[in-house]
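Read through the structure below, which is laid out as structure tokens, and then see the notes.
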Amino acid sequence: MPRLWAAACIAGRWSLLISGRMEVKMKTLKFILHRFLWSLFVLFGLSILIFCIARVIPGDAATMALGTRATEEAKEMYREQNHLNESLPVQYVYWLKSAVQGDFGQSTQTRRAVATDIKEFLPATLELILFAAILEIVGGILLGVLCARYAGSWFDNLIRIVSYVGISVPAFVWAIIFMLLFSFLWPILPTIGRISAGYTVPSVTGFMLIDSLLAGNFAAMGDAFKHLIMPGTALALTGIAQSARITRGSMMENVNKDYVGSEIASGMPLRRVYARYVLRPAAAPTIAIIALDIAAMLGNAFLVEVIYSYPGISKYGINAILNKDLNAIVAVVLIIGITFLLVNILVDLISSVLDPRIRA
Amino acid sequence: MTNRRSNVTAEAERQARKRARVENIKRSWYKFSRNKMSVVGLVIVILIVLVAIFQEAIAPYPQHARQYVDFINANKAPCGQFLLGTDAYGRDILSRIIFSFRNALTMALGVLLVSVPIGVIMGLIAGYYKNRIGSTLIMRIIDIFLSLPSLVLALAVAALLEPNLFNSMMALTFSWWAWYARLIYGKVSSIRNEYYIQSAELIGVGKIRILFQEILPNCFSTILTKMTLDMGVVILMGASLSFVGLGEQPPNPALGTMISDGYKTLPDNWWLTLFPALAIMLIVLAFNLLGDGISDMMSSGEG
């Protein structure tokens, strides 16, 4: 009988534990779902905003698409085809219907479907941004931790000055400086494009590094990586400087907490104290600033890709902007909005894992 | 007799208030000047503003800031006659940089002077009337504006307008106000629960008076700090826009345009790119240092 009782107790405890875990999981799920639905709403609003900007501000869309020398009949036909004679809300519904199906209309500069163009150019930019983001996370947190660990030393002061300068120099200026240094003065890195002529990599994912790895072509992979270094670093430098400063600042706030002192006094290795009790609570502000920096990267990529002739969506977007290619502009801006929203959801998730209070 | 005495006390009070104000300024300056770097930032900002105001007198060749061609002196490296060299049309780079300062500052001031009031008023309303339909609507609109990187939104708007300085300012303003609205929203949501706001509501003070005379002054330090830091950021964004060709049009000088003209001739004519880039760095760095100083000054209590 007592044995049964003990078994029941253990079972009860387990079920409690499991149900408790389930509850936490449900909460996280609910949080994710909420964030996701919310992003869908924001995306919907964003599409209305962009659509309105693109339709209201410029002049006659038909003239812009066909050129000033087009006949009146051709323009009329274009308007008919693209529902430009309808009222603005009706136009939006038409546009949304085809956009949801992945059809953003024709690009006037490449004469292809905008969706095809985006499929071709988006992976390049994502690869670049991802590379820059990894550089920023690793570099920023590493420098921040080192500065906090050796606060007040010459290293800390040096990094402080460097990060001041780093924040004040725009990414496109870094891009030009790197180009001057590493392609002209000391030519070790390639300047233009994603991969040198002569390498052919079958496109599977669109990510050059992954594709060349899949094909087993390590020479091509190394070459593609070399092409990423300069634009990636140019994009990441401002962010590295910023996140290093933020990490250092929030770690310094935690260093003087009582529990850190008692951990050190109790004989826990310094490295472990720093990793567990100083860095972890300090990570939330760093991650928040990294999300903002990725937004800045998405913007700065427009200039950096132009400088390095990097065939990504931003370069495509700039060409669209300079040629007033409305369909392409709307699609590019929307895609960047989606990317940014996804980054934000990801960051929210990470910070909710690090700091459970956010989930409430 | 009574009248005279009240005059005397009024005079004394005025003196005391004046002394207190001087004292406050002195204390603020003390806090500000603790960090030598912020003083350096302030000095550079003042110098830049002075240069921008007296550009005609300071620039060695004021006529070079406009349409001007002198092919004999084209593409000259920095020398005694042209301190920072000349561009493809033979125009002095130093003069053009000096003249572009005024554009950069005008741009930053213009963008902030329009977008900050809009954002602040939106934030005040949304934060004070929290959980009402109007407030929710404002916050949703702000979320939509913030769902795009501001440079991307500004590029998209500027792309569809005629490219010039005014339109690039409009484009930046369009993507800038939402940041202030969200900042002030957060600040107001916490202030509105303070006792002095509740007492003001209880004795029946008008809503507008509460918003602008009770809440707004408490947001000033936040706004001022953010504005100083943003001066640098807006100048940077403006340079990015003009780099793409969506800002001030040639022959008028703009730092971004000078860089975009210059980098195509690298590495031979390096001075065309390097000096405008350094100029941008100097402006942004100065405003960042100043902003940090102001945030130190404002951080622990008012004065």
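The values are calculated or read from the model by the stated rules, or taken from the named source; none is laboratory data. Worth saying up front: this structure is predicted, and the values here are computed from it rather than measured. Reconstructed Cβ throughout: ideal geometry from the backbone, glycine too, with neighbour counts over all protein chains shown.
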With a cut-off of at least 2 residues that are modelled with pLDDT of 85 or more and away from chain A (no Cβ under 14 Å), name the helices (runs of 4 or more DSSP H) lying wholly within segment B:1-120. B:2-33, B:36-53
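Evaluate the following for A:Ser203: is it surrounded by fewer than 20 Cβ atoms within 10 Å (Cβ to Cβ), within 14 Å of another protein chain (Cβ to nearest Cβ) and either more than 29 Å from A:Val353 (Cβ to Cβ) or more than 24 Å from the chain's Cα centre (by Cα) (or both)?
Values: surrounded by fewer than 20 Cβ atoms within 10 Å (Cβ to Cβ): yes; within 14 Å of another protein chain (Cβ to nearest Cβ): no; either more than 29 Å from A:Val353 (Cβ to Cβ) or more than 24 Å from the chain's Cα centre (by Cα) (or both): yes.
Against the criterion (surrounded by fewer than 20 Cβ atoms within 10 Å (Cβ to Cβ), within 14 Å of another protein chain (Cβ to nearest Cβ) and either more than 29 Å from A:Val353 (Cβ to Cβ) or more than 24 Å from the chain's Cα centre (by Cα) (or both)), A:Ser203 does not qualify.
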Can you tell me which residue in segment A:171-186 is nearest to A:Glu127 (Cα to Cα), limited to those that are at the interface with another protein chain (Cβ under 10 Å from one of its Cβ atoms) and surrounded by fewer than 14 Cβ atoms within 10 Å (Cβ to Cβ)? A:Phe184
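Would you confirm, using the coordinates I've provided, whether A:Thr71 is of a type in the set (Val, Ile, Thr) and more than 29 Å from A:Ala224 (Cα to Cα)? Can you show your working first?
Details: of a type in the set (Val, Ile, Thr): yes; more than 29 Å from A:Ala224 (Cα to Cα): yes.
Yes, satisfied.
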Kindly evaluate A:Pro311 against the criterion of being at pLDDT 85 or above, more than 14 Å from chain B (Cβ to nearest Cβ), surrounded by fewer than 24 Cβ atoms within 10 Å (Cβ to Cβ) and out of contact with any strand residue (DSSP E or B) (no Cβ under 6 Å at 6 or more places or on another chain). yes
Return the total of residues in segment B:121-137 being surrounded by fewer than 21 Cβ atoms within 10 Å (Cβ to Cβ) and either assigned to a helix (DSSP H, G or I) or of a type outside the set (Lys, Arg) (or both). 10
Out of the helices (runs of 4 or more DSSP H) lying entirely within segment B:200-303, which hold 2 or more residues that are within 19 Å of B:Val39 (Cβ to Cβ), within 8 Å of chain A (Cβ to nearest Cβ) and touching a strand residue (DSSP E or B) at 6+ places or on another chain (Cβ under 8 Å)? none
If you go through segment B:276-301 one residue at a time, how many are over 22 Å from the mean Cα position of the chain (by Cα) and either surrounded by 16 or more Cβ atoms within 10 Å (Cβ to Cβ) or not polar (S, T, N, Q) (or both)? 1
Has segment A:281-293 got any residue that is within 19 Å of the chain's Cα centre (by Cα), at pLDDT 85 or above, surrounded by 17 or more Cβ atoms within 10 Å (Cβ to Cβ) and at the interface with another protein chain (Cβ under 9 Å from one of its Cβ atoms)? no
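Is segment B:184-192 home to any residue that is closer than 26 Å to B:Thr106 by Cβ and modelled with pLDDT of 90 or more?
Checking segment B:184-192: at least one residue is closer than 26 Å to B:Thr106 by Cβ and modelled with pLDDT of 90 or more.
Given the residues A:Pro170, A:Pro187, which is the only one that is farther than 30 Å from A:Arg276 by Cα and either among the acidic types (Asp, Glu) or touching a residue at least 60 places away in the same chain (Cβ under 8 Å) (or both)? If you could, list the steps in order and put the result at the bottom.
Details: A:Pro187 fails: either among the acidic types (Asp, Glu) or touching a residue at least 60 places away in the same chain (Cβ under 8 Å) (or both).
The unique qualifying residue is A:Pro170.
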